[in-house]
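The values are calculated or read from the model by the stated rules, or taken from the named source; none is laboratory data. Note that this is a predicted model, so its numbers are computed, not measured. Heads up, the Cβs are rebuilt from the backbone with ideal geometry, glycines too, and the neighbour counts pull from every protein chain shown. What goes into the accessible areas is simple: the full protein's heavy atoms, side chains included, and nothing from ligands, DNA or RNA. Shrake-Rupley method; radii C 1.70, N 1.55, O 1.52, S 1.80 Å.
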Amino acid sequence: MIKKLKSNWLTIALTLVVLVSFILSGIIWTNPFQYERPHRENSTSSSQQFTTQSMGDVYLPTTIVRTGKDGQQNLLYSQRANLINDVQRNLCDWKLGRTSEVKTNNCDVYLSYLRNRHSLMLSYPDNVTGEVFNETFDQSIDTNRVKGINHIVIPLNGTHEIYLLRDYHYEVYRVQVNKGDFAKLPKIGRHVRPIPVDHKIIKGNAMMVYPHGFTLPKLAYQVSDQRINNLSTNLLSTNRHTSVTSHEDSDKTVYTDGTNRHLIYDHTNGTVDYENDIGNSNVVATGQLYAHFYNILVKTGMPLDNIRFDQAKDHNRTFIYRTYVEGFPIINTDGYGGAKLQASQSGVERYWMSLYTVQVPLPLSGDQDVKLPSTTSVLNELHASNQFKDITDLRVGYLWKGNSQDSKVVKLVPTYFVKYHHRWVDYTELLK
C-alpha cells in the first residue's frame, strides 16, 4: 500500500487540488458577498465621505424646544443625539392636510403659540418658504397660503394638528395632521440635556432668551481646507472651451475665464470673492433662490455636512450659510466655515466663502465648560454701555478662536452674539 501511494503521489495530489478547487468555487458561487465584503465596505465608506447633503438637510431647523404642561420651556441639547434629524425622519412619514390661517398681526396671540403648552417646537434661524418646508419634510402644504415659516409647533396633546409660525406680521397657520406618529418624537432622555429658555417679543422681534445662567462646553475641531484650484475650477469651468488664467496681485490671486466671471482668492485669510454677470434676462426669481443657492453650494465642492441656512437679507436676495455644531452657529469676523451668496436684480451674482471649515471633533482635557450669564444680565450690561439702541437681535453661538492658517485645530468658545449695525458680534466686544 505504501509503495502504491509513493508511486502514485503525483496523481493523488492533483486529485486533491481539483477537489479543493471545486469546493472553493462552490462556496464562492453560493455566497459571493462573503469575499466581496471588504471591497464593498471600502466603497461604501468612500461614498459616504463624499455624499452631498440634500437641499432639505441644508435648510433644516436648527433649534428644538420642548414646552411642558406647566409652560416651562427647555432647549433640548445633546452632544450625542441629532434630535433635529430624528424629528425630520419622523415628519417625513406624516401626511399633512388642510392649511388654514389662525391669526395675524397680534403679537400677544403669536407669543402664546411660541409658548404653546405641552408641545415641541422646531425653529429656523431665519424665515424659509413653504416650498423649502415641503422639500425638507416631504410634504405638500399650500404654499400659496403659507408664504414663510420661522417656527414649527407640534402639540403633544393629541389634537392631530401642527402650527406654522412666521415672525413677519406674527402669522399663525394651522395644518391638519391626517397621519402621524406623535409617540416617536424626541423626549428628554438620558443623552439629552434640557436648558431652560423662554420666548419674548423684544423690539418687535421674536427672540429665544435664557432666563438663567447656564453652561456650554468649549469645543475643539480639526480644520479642513478646500484647495483653491479645485474651487476656482468648479466655479469658473463651463461646457464652453474657455481657459482659466490667473495672476498675482499683492497677497491675492485673481482667476478669470476671459468672459464675465472672475474670482479673487485672499491668501491672508483664505477667503474667496467670486463675481459673475449673468445678465438681466437670467435673473433668478427671489422665491427660487433657496434651490438656486443650494445648487451653487454643491457646485463649489465645499463640505456641506454641518452647513445650515442662517440668514436672508437685502430683500431676500442675499443668503448667509454657517457651520453649526450641536445646534449652535459658528460666528467669526473672517467668515470661516461659512458662505454668503448674493444675486442682484441687475443680473450680477457674487459669492463670498471661506476655504476653512471644521470637520472632525477632538477631545479637550480638563474642565472646559463655560458659564454664560442670563439674557437679562447681558441686556442690562449692554444698556449700561449705551449700545442697546443699536442692537436688533441676540443669540448664543460659538466663536471661532485662532487663525486657521496657524493651526489645523481650532477652539470654539460659546458666547452671546448680538446683531449690531446689521452684523453679528460677540457682545463682550461692545463692553470694552
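Annotations for the structure displayed:
- Strands (runs of 3 or more DSSP E) wholly inside region 323-409 that include at least 3 residues being on the phi > 0 side of the Ramachandran plot and open to solvent by 10 Å² or more (accessible area, probe 1.4 Å): none
- Checking each residue of region 170-181 against the condition of being closer than 30 Å to SER377 by Cβ and modelled with pLDDT of 95 or more gives at least one match.
- Condition check for HIS169: more than 25 Å from the chain's Cα centre (by Cα), touching a residue at least 24 places away in the same chain (Cβ under 8 Å) and either farther than 18 Å from ASP70 by Cβ or crowded, with 19+ Cβ neighbours inside 10 Å (or both): yes
- Taken together, SER100, SER78, SER119 contain a single residue that is among the polar types (S, T, N, Q), more than 18 Å from LYS200 (Cβ to Cβ) and at pLDDT 95 or above, which is SER100.
- Unique residue being surrounded by 20 or more Cβ atoms within 10 Å (Cβ to Cβ), among the aliphatic types (A, V, I, L, M) and either touching a helix residue (DSSP H, G or I) at 6+ places or on another chain (Cβ under 6 Å) or at positive phi (or both) when the list is ILE149, ILE162, ILE154: ILE149
- Condition met for ARG117 (within 21 Å of the chain's Cα centre (by Cα) and either open to solvent by 20 Å² or more (accessible area, probe 1.4 Å) or among the hydroxyl-bearing types (Ser, Thr, Tyr) (or both)): no
- Any hit, region 326-347, residues being closer than 24 Å to ASP426 by Cβ, among the polar types (S, T, N, Q) and out of contact with any Pro (no Cβ under 6 Å at 6 or more places or on another chain): yes
- Those strands (runs of 3 or more DSSP E) lying entirely in region 67-138 with at least 3 residues of a type in the set (S, T, N, Q): 119-128
- Hey, GLU381 farther than 21 Å from VAL413 by Cβ and of a type outside the set (Ser, Thr, Tyr) or not: no
- For region 295-315, a residue qualifies if it is in a loop (DSSP other than H, G, I, E, B) and in contact (Cβ under 8 Å) with a residue 40 or more places away in the chain, and the qualifying residues are GLY301, MET302, PRO303, LEU304, ASP305, ASN306.
- Leading residue by the ranking (surrounded by the fewest Cβ atoms within 10 Å (Cβ to Cβ)) among those in region 244-280 that are of a type in the set (Gly, Ala, Ser), in contact with a Ser or Thr (Cβ under 7 Å, 6 or more places away or on another chain) and modelled with pLDDT under 90: GLY258
- Positions within region 281-308 being closer than 19 Å to GLU135 by Cβ and surrounded by 18 or more Cβ atoms within 10 Å (Cβ to Cβ), in sequence order: LEU289, TYR290, PHE293, TYR294, ILE296, LEU297, LEU304, ILE307, ARG308
- Only listed residue being over 30 Å from ILE278 (Cα atoms), at pLDDT below 90, in a loop (DSSP other than H, G, I, E, B) and open to solvent by 40 Å² or more (accessible area, probe 1.4 Å), chosen from HIS241, HIS191, HIS212: HIS191
- A single entry from ASN234, ASN229, ASN178 fulfils the requirement of being under 23 Å from the mean Cα position of the chain (by Cα) and either more than 30 Å from TYR356 (Cα to Cα) or of a type outside the set (D, E, K, R) (or both): ASN234.
- From the options SER140, SER119, residue that is over 30 Å from PRO217 (Cα atoms), free of Cβ contacts under 8 Å to residues at least 60 places away in the same chain and not basic (Lys, Arg): SER140
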